[in-house]
1. Give, as a single signed number, the net charge of other residues whose beta carbon lies under 9 Å from the beta carbon of P199, with Lys and Arg counted +1 and Asp and Glu -1.
2. How high is the relative contact order of the stretch 411-481, given as a whole-number percent (alpha carbon pairs under 8 Å, six or more residues apart)?
3. Could you state the number of Å between the C-alpha centres of the stretch 166-227 and the stretch 418-462?
4. What is the Cα centroid distance between the stretch 231-277 and the stretch 17-84, reported in whole angstrom?
5. Using a basic spin-label model with each label point 7 Å from the Cα along Cα→Cβ, how many nm lie between F384 and K138?
6. Could you give each residue of the stretch 403-420 its phi-based ³J(HN,Hα) in whole Hz, using Karplus coefficients 6.51, -1.76, 1.60 with θ = phi - 60°, and x for Gly or Pro?
7. Based on the mean of other beta carbon atoms within 10 Å per residue, what is the order of 261-267, 45-51, 27-33, most packed first?
8. Among residues other than L409 whose Cβ falls under 10 Å from its Cβ, what is the net charge (Lys/Arg +1, Asp/Glu -1)?
Amino acid sequence: MKPVRHARARILLARAAASHDAALLRSALRLEPADAAARRQIASLELKAGDWEIALLDLQAAEEFAPGDPDAFVTAAQILVDKGWLEAPEAVLDRAIEIAPTRTDARRLRRYIRFRLGRYFGAQQDAPRQAGETVPPKAAPRSQRLDGRDVSFRLEQWAGRLGDLRQQLESAVREKSWNDAEHLVLEAGKVASGTAFPPFMQGTLDLARGDATAAERDFIAALAEAPRSAVVAGALGRAWARQGGAAFAGDRLMQLAEKDPGFTAVRYLAARAFVEAGDPLKAEGALRRGLELQPGSPLPYRHLTDYYFGIDRIPEALETCRQGADRFPGDVGLRMMRAQIESGMGQHDEAIRTYQQLSTERPDLDLVLYKLAGELPTSDPRFFAVMREIQGDEPVDPEQSDALGWLLLKAGQLDPARQRLEVAVRDSPANPTPHYHLAVLSSRSGDPARAKQELQLALGSGQPFAERLDALRLLRETSGR
């Protein structure tokens, strides 16, 4: 039956492509969901119709089924930039450039983004600035939440009108305004007919009303339209957990994983369900199964490393990450994870080596230099060589601004350090780390009153931070002056 179905799907897809009919293409895709080219064509048709949010859904699906094809990544990034996003499309372009390093349109677009984000050295790595060229204006400051995510500039799964409807549904559900919620679900059907969004919205409403069986049916319908959507699979997992508990949800999610070995995210969701059920061995088994199902992908190694790190099995995390990085030396994510774990274990020489190799091979990855400079001692001439490259940056991201300010302080450049740290505490006032860093600078600058003020803000935040003991020690010293 499968060859017959496959042949029928190819015929339908060919007819739909020739007719430029998005609805017909969607119908054919239900028989051949892995056809990334057809999904890109639908996205093109949706864009021409002005439905950019729908086009993004199709491009995301194309990325999931053809992760080695940069076209969908570049197109999605351009849409996001056109709509005002910067951080999200940069991450998308990172992936496209990792696949196709010489792709000039991706480089130019990422260069524009980096200029706007105040990361000038990174922008120059994508394309040098020409004489007389006007640099794009810097973006507005990013205010940040305690979890490190920015408030207004992070792209969620559902963008534009879809995101608005999703948020309105959440509000209606919280207030138990069921009539309003039903109206929003109907509106979703009008705005995004034929996509995963309407059944996802219906499932969200059904689950909120306590009907897990109906929600399961809705989410399965959504998954038929977006077969590798982690968001939809996660919602389906919650419906199953409501029916039979976390272990039941984990088992059902693993059934999805076995049916589609390329659906990496669903194994991670299953592992989380098993952890919630108190079965870490089964969680580990779910992620290790990925090494068998996807031997040609680095993602199972990333997920298994993250799992071991999350349950404080650090040696296993490092060993898994090293195995993955050795097997997939071009995967930036694994190598960054490896260096971070090595640093956390006190293996600073190994972390330096990893960051140095990565920065040499990929000089366009400017934030790797931030990490490298953080590891290098000031006695190493490489530290000041790195600082000469990045000291002119003015990141609008408060976490990056804090990191650069701390590095400038380490380099003895007090005034530039203060500028960057003041920006960080302004744009992330509830984050204790920038306050501590500014306190250290103030203390070294002979301003104990400001140092004490910043230390009190850091320690009074109620948030954990790595330098808490150092902050308490400095507060005692400052108060004793």
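Quick note: the coordinates plus some simple rules give every number you see, no bench work behind them. Model, not experiment: these values are computed from the prediction. All Cβ positions, glycine included, derive from the backbone under ideal geometry; neighbour counts span all protein chains shown.
1. With Lys, Arg at +1 and Asp, Glu at -1, the neighbours total -1.
2. Once normalised by length, the contact order is 28 percent.
3. 45
4. Their Cα centres are 26 Å away from one another.
5. 2.7
6. Calculated HN-Hα couplings, in order: 4, 5, x, 5, 5, 5, 5, 4, 7, x, 8, 5, 5, x, 4, 4, 4, 5 Hz.
7. Highest to lowest by the protection proxy: 261-267, 27-33, 45-51.
8. So the environment of L409 carries a net charge of +4.
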